[in-house]
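**Q** Have a look at this one before I ask anything.
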C-alpha cells in the first residue's frame, strides 16, 4: 500500500501545531494568576485548535 500524498508535510505541520500549543501553555503556567496573560494563551490555543478542527488540510499545505 502506498502512503497518502503529502504525509510528511502534514506530519511536519501537525508537529508545528503541537509545538505552538506547548509553547503557549509553557509560557503561561508561571503567569497563571495573571488573567491578561492566561486569557491571551487560552484564546491563542482556541484559535489554533479551531483551525485544526476546521480540517481544511489543503490550506495547511500551501
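**Q** Round to the nearest 10 and give me the degree value, 0 to 90, for the angle of helix 7-28's Cα axis relative to the longest principal axis of the chain.
**A** Rounded to the nearest ten degrees, it is 0.
**Q** Return one number: the angle in degrees, 0 to 90 and rounded to the nearest 10, between the long axis of the Cα atoms of helix 35-54 and the longest principal axis of the Cα atoms of the chain.
**A** Helix 35-54 and the main axis of the chain meet at about 20 degrees.
**Q** A follow-up question, please. Rounded, prolate or oblate: which fits segment 7-51 when a ≥ b ≥ c are the square roots of the eigenvalues of the alpha-carbon gyration tensor, with rounded for a/c under 1.5 and prolate only if a/b beats b/c? Write out the running numbers ahead of the final one.
**A** On the way: a/c = 6.00, a/b = 2.31, b/c = 2.60.
It comes out oblate by the Cα gyration axes.
Any read-out appearing in this document is the output of simple, stated calculations on the displayed coordinates, not a laboratory observation. Fair warning: this is a prediction, and the values are worked out from it, not measured in the lab.
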